[in-house]
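Data first, discussion second: the structure below is written as structure tokens.
The values are calculated or read from the model by the stated rules, or taken from the named source; none is laboratory data. Quick caveat, the model's predicted, so the values are computed rather than measured. No Cβ is skipped: glycine too gets one built from the backbone with ideal geometry, and neighbour counts run over all protein chains shown. Surface accessibility is based on the protein's heavy atoms, side chains included, excluding ligands, DNA and RNA. Shrake-Rupley method; radii C 1.70, N 1.55, O 1.52, S 1.80 Å.
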Amino acid sequence: MADARAIFTDNSHVKDPDQAEPAAIAIRRRRATIPDGLAFPDDQRASMLELDGVEHTRVRSPLVQALYARIAAFESHCIRIVEDALNRIEGRAEFDLMKELAEPVPVSCIGAILGVPPETLATFRQWLDDIVQTFNPNRTPENVAALVAASNGLAHYIRGRFADAKLNPPDDLFGDMARAQAAGAELSDTEITYNIRGLLIAGNVTTTDLIGNTARLLLTYPEQLHILRTAPSLWPNAVDEALRYEAPVDFTWRIATHAENLSGCPVHAGSALNVFIRSANRDEAAFPEAHRFDVTRPRASRHLSFGGGAHICPGAPLARMEAKHLLSRLFDRFPRLRLSDPSVSPHWRKLPGFRGLESLVVRID
Ligand code: HEM
């Protein structure tokens with residue numbers, strides 16, 4: 001944990017894949033395997049995820065400032081989205097919690113922040129599902145075709161929305177960015193639109209997995225759920241404990257820019273510093289009895305599931321808000337909620353780098 005934190009906070013470490021040595025395959029892969037047929041193949045160079053130093057701050061700051069303000073004002077809307085989703089499962093006996101709740105709620109929330117009309121959300125979800133294949137090194141030709149079509153559909157949609165927002169800024173994140181640009185923020189249209197796309201992609205499968213993983217843990221360890229039923233104020237801590245125990249993102253990276261010694265391990269300029277979040281989160285030195293899921297754990301939020309340093313995840317408050325409201329209301333409204341068949345092993349999704357469930361079939365009757 002301490003080594004991982006030190007890697008994140010040392011600003012000499014960078015994220016630009018071009019600075020990694022050729023042997024750093026995992027870091028260089030994504031840029032090296034851009035599929036043919038993308039309408040805007042060079043856009044990804046604008047991604048804050050791979051920018052460093054002053055360029056990273058220039059692009060990230062105005063976007064994240066606008067995002068934080070939107071999230072801070074979003075709580076009551078988030079609660080409405082959660083109640084609507086729960087209304088839709090009312091009266092059902094058995095359902096897949098991933099399909100009915102964990103997938104639709106995050107896309108509805110980020111969709112609302114971006115002003116996406118409800119009737120477009122289904123298309124949006126399909127685009128996001130297809131684009132996630134970007135992270136799959138074993139994707140099939142069919143996956144690639146769907147990924148290219150979805151990427152282009154989403155890129156055209158976002159570019160169109162931002163062009164409209166510049167003419168007449170709406171009350172959403174597109175409008176915020178149009179106003180910021182008009183007020184002098186030094187961001188190009190591509191930097192804005194590509195990073196709005198980034199918010200969508202980074203924020204969906206991850207939050208879906210947080211919701212699914214937390215639900216599964218509470219259904220698997222009923223004594224922990226019982227603690228929450230008697231002390232609901234522990235819900236935020238429970239969500240952080242689930243983030244620690246079952247991190248939705250397996251790893252993130254930095255690249256060394258000079259020779260150094262990291263806890264006895266020599267590295268050179270260009271070395272990949274792959275930080276395995278799931279391992280750091282189970283470090284006994286940081287979390288006593290680290291392999292125990294404990295919703296009362298003191299300082300559970302000191303996990304590294306959102307990374308750290310200058311690149312720390314800007315969507316963390318939104319993900320925490322969605323998971324807390326959705327799960328606390330779900331267990332409240334459906335007190336008989338249980339796994340449909342506790343003898344079935346968890347059905348993990350096969351997407352390298354992400355820890356989440358393909359399905360979680362539950363009963364509420
Ligand atoms: C449980 C949900 C989530 C998890 C576990 C998660 C995890 C992460 C991690 C590990 C990173 C890399 C940080 C680093 O390298 O230090 C990251 C970056 C990022 N995340 Fe999240 N994330 C989540 C939700 C979200 C949401 C909801 C959004 C947007 C609304 C979002 C947007 C981003 C963006 C834009 C970055 C890049 C930041 C940068 O490089 O400056 N994430 N996230």
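Brief remarks on what is shown
- Some residue of region 124-135 being closer than 21 Å to residue 30 by Cβ, charged (D, E, K, R) and open to solvent by 50 Å² or more (accessible area, probe 1.4 Å): yes
- Residue match in region 235-247 (condition: of a type in the set (Val, Ile, Thr) and either buried (at least 24 other Cβ atoms within 10 Å of the Cβ) or closer than 21 Å to residue 303 by Cβ (or both)): yes
- Members of region 1-28 that are open to solvent by 60 Å² or more (accessible area, probe 1.4 Å) and either under 29 Å from residue 145 (Cα atoms) or in contact with a strand residue (DSSP E or B) (Cβ under 6 Å, 6 or more places away or on another chain) (or both): 18, 19, 22, 23, 25, 26, 28
- For the residues 272, 285, 259, the requirement of being aliphatic (A, V, I, L, M) and either closer than 30 Å to residue 93 by Cβ or buried (at least 17 other Cβ atoms within 10 Å of the Cβ) (or both) singles out 272.
- Put simply, of 37, 53 the only residue that is modelled with pLDDT of 95 or more and at positive phi is 53.
- For region 312-365, a tally of residues being more than 15 Å from the ligand (Cβ to nearest atom), open to solvent by 60 Å² or more (accessible area, probe 1.4 Å), part of a loop (DSSP other than H, G, I, E, B) and not polar (S, T, N, Q) returns 7.
- Scoring residue 106 on the criteria (1) away from the ligand (no atom under 13 Å from the Cβ); (2) within 24 Å of residue 77 (Cα to Cα); (3) of a type outside the set (A, V, I, L, M); (4) buried (at least 17 other Cβ atoms within 10 Å of the Cβ) leaves a single failure, condition (1).
- Of the criteria (1) part of a helix (DSSP H, G or I); (2) farther than 27 Å from residue 217 by Cβ; (3) among the aliphatic types (A, V, I, L, M), which one residue 39 fails: (1)
- Residue list for region 179-206, restricted to those being touching a residue at least 12 places away in the same chain (Cβ under 8 Å) and of a type in the set (A, V, I, L, M): 180, 182, 185, 187, 192, 196, 199, 200, 201, 202, 205
- Here residue 201 fulfils each of the conditions (1) within 16 Å of the ligand (Cβ to nearest atom); (2) modelled with pLDDT of 95 or more apart from (2).
- The lone criterion from (1) over 19 Å from residue 196 (Cα atoms); (2) within 15 Å of the ligand (Cβ to nearest atom); (3) at pLDDT below 95 left unmet by residue 9 is number (3).
- Residues satisfying the stated conditions in region 86-98, i.e. under 15 Å from residue 339 (Cα atoms) and open to solvent by 10 Å² or more (accessible area, probe 1.4 Å): 92, 93, 94, 96
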